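The values are calculated or read from the model by the stated rules, or taken from the named source; none is laboratory data. Predicted, not measured: the structure shown is a model, and the values here were computed from it. Counting neighbours? That spans all protein chains shown, and the Cβs are built from the backbone with ideal geometry, glycine included.
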Amino acid sequence: MADANLFHVPPEFAKQTLSASIRRWLPDLSWNDVRKLIETRCVAVNGNLCMDPARRLTTGEVVKVHGRPLAAPPKAADVSVEHCDDDVVVVNKPSGMTTIRHPEERNWPSRRKQVQPTLDELMPRLVQRHLRLRPNAELPRIRAVHRLDRDTSGLLVFARTEHAERELGKQFRLHTVHRRYLAVVPGRIEGQRIESRLVLNRGDGKRGSTSLPTGGQEAVTHVRPVEYLNGYTLVECKLETGRTHQIRIHLSELGHPVAGDKVYRKPLEGPPITDYSLAPRLALHAAELGFEHPTIGEHRRWFAPLPPDLAELVERLRRS
């Protein structure tokens with residue numbers, strides 16, 4: 001087999017399983033060969049590792065069959081609990097882990113979920129270990145109040161009580177939560193305030209900004225260069241609002257898509273912007289999180305430095 005085979009899911013393949021589709025694309029492989037490819041981390045869907053042979057595909061998705069295994073998905077040991085009390089838990093999420101299980105996947109059997117666990121599913125055991133509760137004790141209830149993209153690393157908070165969930169949710173809705181991200185982007189970017197209205201479909205099926213004054217949701221990002229590298233910028237982004245993919249969309253629309261981003265590289269009109277960075281993954285990290293504690297009332301803040309993979313990327317661009 002070639003080093004990599006790339007396939008776009010046609011309408012007639014929609015709702016087929018990943019394994020059945022690969023068999024149709026690569027008929028020389030046996031069912032056992034296909035199963036081994038998926039189980040040994042050789043298959044990616046839309047750029048993300050997929051180890052579930054029963055995953056149903058949709059039209060337009062991109063399946064890549066690699067000739068060698070991809071990096072292993074992160075596990076519970078890769079999640080760092082930064083703070084835990086009776087009301088909130090703050091964790092540092094690794095890249096490659098989904099925050100919350102998609103609704104269509106929630107009824108999957110536990111064995112299937114364990115292949116690629118989500119952060120919300122790992123949280124009860126993580127809190128149990130952090131608080132040194134008895135292994136047979138009832139697992140604590142954990143409530144998600146926001147999320148990070150699968151390939152974004154960094155800080156996020158979970159609630160442990162209904163009161164904390166309600167109060168934190170209110171702060172996120174009012175945009176009073178402090179969130180600072182670090183990103184690596186091509187070119188030289190200047191400090192500025194970016195404001196637009198984001199829609200689910202900008203015209204090509206991807207999220208983006210609209211020129212209609214009443215369409216979409218208001219999105220505001222404050223950008224500040226931290227360090228100019230060789231052909232790239234380490235940039236700080238502070239969110240005034242928190243829309244889905246907001247930072248990635250805003251930086252891409254400025255002509256500076258985040259290094260390693262496979263989705264927002266192509267403007268609505270014009271050719272895609274080539275990524276020469278060799279970034280190991282999406283170069284976006286939630287470095288700072290602050291909010292008013294839902295019970296104590298004090299403003300608390302946590303910091304997470306760039307993880308090793310992004311720190312190495314910055315150092316390499318510094319030296320190049």
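Data table
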| quantity | calculated |
| --- | --- |
| Test: residue 71 is within 18 Å of the chain's Cα centre (by Cα), crowded, with 17+ Cβ neighbours inside 10 Å and over 30 Å from residue 140 (Cα atoms) | no |
| Some residue of the stretch 26-36 being touching a residue at least 12 places away in the same chain (Cβ under 8 Å) and under 29 Å from residue 264 (Cβ atoms) | no |
| Criterion violated by residue 102 - all others in (1) of a type outside the set (D, E, K, R); (2) surrounded by fewer than 17 Cβ atoms within 10 Å (Cβ to Cβ); (3) at pLDDT 85 or above satisfied | (3) |
| Matching residues, the stretch 34-74, being farther than 20 Å from residue 9 by Cα and charged (D, E, K, R) | 36, 39, 68 |
| Strands (runs of 3 or more DSSP E) contained in the stretch 135-211 and holding at least 3 residues surrounded by fewer than 19 Cβ atoms within 10 Å (Cβ to Cβ) and either among the aliphatic types (A, V, I, L, M) or in contact with a Gly (Cβ under 9 Å, 6 or more places away or on another chain) (or both) | none |
| Residue identified as assigned by TED's automatic domain parsing to the domain that holds residue 245, surrounded by 12 or more Cβ atoms within 10 Å (Cβ to Cβ) and of a type in the set (Lys, Arg) among 300, 318 | 300 |
| Yes/no for residue 236 being farther than 20 Å from residue 267 by Cα, surrounded by fewer than 21 Cβ atoms within 10 Å (Cβ to Cβ), not assigned by TED's automatic domain parsing to the domain that holds residue 60 and not β-branched (Val, Ile, Thr) | yes |
| Some residue of the stretch 142-153 being among the basic types (Lys, Arg) and in contact (Cβ under 8 Å) with a residue 40 or more places away in the chain | yes |
| Yes/no for residue 63 being of a type outside the set (D, E, K, R) and at pLDDT 95 or above | no |
| Residues that are more than 27 Å from residue 145 (Cα to Cα) and surrounded by 17 or more Cβ atoms within 10 Å (Cβ to Cβ), drawn from the stretch 221-233 | 229, 232, 233 |
| Pick from the stretch 106-149, criterion of a type in the set (Lys, Arg), at pLDDT 90 or above and within 19 Å of the chain's Cα centre (by Cα), ranking: farthest from residue 280 (Cα to Cα) | 143 |
| Members of the stretch 115-129 found to be under 19 Å from residue 87 (Cβ atoms) and β-branched (Val, Ile, Thr), listed by number | 127 |
| The stretch 10-66, subset crowded, with 16+ Cβ neighbours inside 10 Å and basic (Lys, Arg), residue farthest from the chain's Cα centre (by Cα) | 23 |
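For (1) under 18 Å from residue 291 (Cα atoms); (2) of a type in the set (A, V, I, L, M); (3) in the same structural domain as residue 265 (by TED's automatic domain parsing), each residue gets a yes or a no:
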position	(1), (2), (3)
123	no, yes, yes
128	no, no, yes
139	no, yes, yes
171	yes, no, yes
190	no, no, yes
